[in-house]
Amino acid sequence: MIARVRRRVQGGASANMEKDMAWLLLVIAGLLEVGWAIGLKYTEGFTRLWPTVFTAIAMVLSLALLGIAMKSLPVGTAYAVWVGVGAVGTVILGIVLFAEPADAARLVSVGLIVAGIVGLKLSSA
């Protein structure tokens, strides 16, 4: 009886670690999405070699990590979080790197995206 309970507890811990790893990979995939979205600006229409190479690498890695995360997470949640992290990061870097506007409406909208990401994480337990 104790051995059976121990196996269940250990199996649950393993499943939680797998989900935690999937979330970590998903966030990294989202950050790589930010990298390739910003990288697109620096490629100047894919006319500059090294920015194009780095952008393509970030694209491939981002999609690969998203695919791995989707093994353990629901597809809708994983995709929405991936896009959300990418969108928020890209807006923030656009403000910082390219002097894009940082008016209240944009910042509130970004805050709503962050709230959605947090909500999806909290509801995925």
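The values are calculated or read from the model by the stated rules, or taken from the named source; none is laboratory data. Just so it is clear, the structure is predicted and the values come from calculations on it, not from any experiment. Neighbour counts run over all protein chains shown; Cβ positions are idealised from the backbone, glycine included. Ligands, DNA and RNA are stripped out before the accessible areas are found, and what is left, the full protein with its side chains, is counted by its heavy atoms. Shrake-Rupley method; radii C 1.70, N 1.55, O 1.52, S 1.80 Å.
Calculate the FRET efficiency for residue 50 and residue 93 from the Cβ-Cβ distance with a Förster distance of 25 Å, rounded to the nearest 0.05.
After rounding to 0.05, the efficiency reads 0.85.
Relative contact order (percent) for region 32-115, with alpha-carbon contacts under 8 angstrom and 6 or more residues of separation?
30
Hey, if we sort 41, 71 by accessible area with the 1.4 Å probe, largest down, what's the order?
71, 41
Residue by residue, what Karplus-based ³J(HN,Hα) values in Hz, rounded to whole numbers, does region 98-109 have, using 6.51, -1.76 and 1.60 with θ = phi - 60° and x for Gly and Pro?
10, 6, 5, x, 10, 6, 4, 4, 5, 5, 5, 4
If you take the Cα Rg of the chain and divide it by 2.2 N^0.38 Å, with N the number of residues, what do you get? Walk me through the intermediate numbers first.
Working: Rg = 18.2 Å, N = 125, 2.2 N^0.38 = 13.8 Å.
So the chain has a normalised radius of gyration of 1.32.
Quote to one decimal, in nm, the extra length available between residue 63 and residue 13 on full extension: 0.36 nm per residue of separation minus the C-alpha distance between them.
Extending this stretch completely gives an extra 15.3 nm.
Using a 10 Å cut-off on Cβ atoms, rank the peptides 53-65, 94-106, 13-25 from the highest mean neighbour count down.
53-65, 13-25, 94-106
What lysines does residue 71 reach when the alpha-carbon gap must be under 17 Å and sequence neighbours fewer than 8 apart in one chain are set aside?
Once the sequence-local lysines are set aside, what remains near residue 71 is 19, 121.
Put +1 on the Cβ of every Lys and Arg and -1 on every Asp and Glu Cβ in the chain; which of 76, 98, 55 then has its Cα farthest towards the positive end of the dipole?
76
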